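Enquirer: This structure is in structure tokens; I'll ask about it shortly.
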Amino acid sequence: MIYMDTLNILIGALILVIGVMIGVAFLTLLERKVLGYIQIRKGPNKVGFMGLLQPFSDAIKLFTKEQMYLNYSNYLSYYFSPIISFILSLMIWMLIPYYFNMISFNLGVLFFFCCTKLGVYTLMVAGWASNSNYSLLGGLQAVAQTISYEVSMKLILLSSIILVMDFNLLMFNYYQFMIWLIFLMFPLSLCWMSSSLAETNRTPFDFAEGESELVSGFNIEYSSGGFALIFLAEYSSILFMSLIFVVIYMGGYDLSIIFYFKIMFISFFFIWVRGTLPRYRYDKLMYLSWKIYLPISLNFLMLFLGLKINFY
């Protein structure tokens, strides 16, 4: 019996990973199409019907390119940091409350905190181990940005947890049966959304990849497989942040088609922002995190704590 349960968990995890990979592939296609139409051009439309096979041809091209080995890099750290980054971005997906898998996290939110924290180390090691000044600068910027926004993200999430009083993501579904939390905490949900943009290094907060001044940031020395893994980790975290937003603020997890449309809309929002907004200035990015989001999240935390205590 235990053997069959373990087998079910492994098969479920494998199906999940394959699903995430296909989702990431078509998210990149969606991004290129949407950006194309925003900039009044077509986007990929040659490979397959309307460019549908483009992500797969890109993947084959990237993984079959020649791998460069730097003479002066710290080889093991340089080689393994994209792999660990990719594994971490897939591990977070395990905490989604599936009804058909055997995994159920009662402390799922804490697991989410741990995995996102560890992601910072892979950025730092990838920038440092390449032994290039440009990648080191990009890595330092990315680490400073990610750590700053994680503080406000955790505090924003704590407000929702105080209302639900549980770390299990399934509970958000039960508590949003009558009204979505986005209506109760609209300013916080907007703060969470822009913190997600900063956390995943997306425009207008893409300082880790500031091409104009950092020649692509911490991943400058990576090519072929290493670059592809960093790319996959970033897009997988974008999809996951969209899913978390829907779970916490837009009705929780359910297996309806509307749930997947909501995730698609939030993912589209990430792309829409990229096509619309210019990059922020770095000092303003830090100012936004420490002087605006941190006080807002702390004030809302006090408000919800007071509401909860009065309720009891």
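The values are calculated or read from the model by the stated rules, or taken from the named source; none is laboratory data. The structure presented is a predicted model; accordingly, all values stated were derived computationally and were not measured. Reconstructed Cβ throughout: ideal geometry from the backbone, glycine too, with neighbour counts over all protein chains shown.
Enquirer: From (1) outside any helix (DSSP H, G or I); (2) closer than 24 Å to Ile220 by Cα, pick out the condition that doesn't hold for Tyr253.
Expert: (2)
Enquirer: With Asn71, Asn8, Asn45 as the choices, which residue is more than 29 Å from Ile266 (Cα to Cα) and not in a helix (DSSP H, G or I)?
Expert: Asn71
Enquirer: Looking only at residues that are free of Cβ contacts under 8 Å to residues at least 60 places away in the same chain and among the polar types (S, T, N, Q) in the range 228-279, which one is surrounded by the most Cβ atoms within 10 Å (Cβ to Cβ)?
Expert: Applying the filter and picking the extreme gives Ser242.
Enquirer: Further question on the same structure: Please go through the range 20-44 and give me each residue that is of a type outside the set (A, V, I, L, M, F, W, C), without any contact (Cβ under 8 Å) to a residue 60 or more places away in the chain and loosely packed, with under 14 Cβ neighbours inside 10 Å, ordered by number. Even if it seems obvious, please write down each step before you answer.
Expert: Taking the range 20-44 and keeping what is of a type outside the set (A, V, I, L, M, F, W, C), we get 23, 28, 31-33, 36-37, 39, 41-44.
Those left that are additionally without any contact (Cβ under 8 Å) to a residue 60 or more places away in the chain: 32-33, 36-37, 41-44.
Selection gives Tyr37, Arg41, Lys42.
Here is a yes/no grid of residues against (1) at pLDDT 90 or above; (2) surrounded by 18 or more Cβ atoms within 10 Å (Cβ to Cβ); (3) out of contact with any Ser or Thr (no Cβ under 9 Å at 6 or more places or on another chain); (4) closer than 27 Å to Tyr293 by Cα:
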site	(1), (2), (3), (4)
Ile87	yes, no, yes, no
Phe100	no, no, yes, no
Asn131	no, no, no, no
Leu140	no, no, yes, yes
Leu197	yes, yes, no, yes
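Enquirer: Please enumerate the residues belonging to the range 49-64 that are out of contact with any helix residue (DSSP H, G or I) (no Cβ under 9 Å at 6 or more places or on another chain) and among the hydroxyl-bearing types (Ser, Thr, Tyr).
Expert: Across the range 49-64, the qualifying residue is only Ser57.
Enquirer: Residues that are under 16 Å from the mean Cα position of the chain (by Cα) and among the polar types (S, T, N, Q): does the range 260-283 have at least one?
Expert: yes
Enquirer: Separate question: Which of (1) more than 14 Å from the chain's Cα centre (by Cα); (2) β-branched (Val, Ile, Thr); (3) not in a loop (DSSP other than H, G, I, E, B) does Val120 not meet, given it meets every other one?
Expert: (1)
Enquirer: Related question: Hey, can you tell me all the residues within the range 109-139 that are touching a helix residue (DSSP H, G or I) at 6+ places or on another chain (Cβ under 7 Å) and farther than 18 Å from Ser89 by Cβ?
Expert: Within the range 109-139, Trp128, Ala129, Ser130, Tyr134, Ser135, Leu136, Leu137, Gly138 meet the criteria.
Enquirer: Does the range 256-290 hold any residues that are closer than 27 Å to Val143 by Cβ and part of a loop (DSSP other than H, G, I, E, B), and which are they?
Expert: Listed by number, the residues that qualify are Leu277, Pro278, Arg279, Tyr280, Arg281.
Enquirer: In addition: Where the second residue is at pLDDT below 80 and surrounded by 10 or more Cβ atoms within 10 Å (Cβ to Cβ) and the first is within 25 Å of Leu88 (Cβ to Cβ) and among the β-branched types (Val, Ile, Thr) and lies in the range 1-19, which pairs have Cβ atoms under 7 Å and are six or more apart or on separate chains?
Expert: Taking only residues 6 or more apart or on different chains, the pairs are Ile9/Asn101; Ile9/Met102; Ile9/Ile103.
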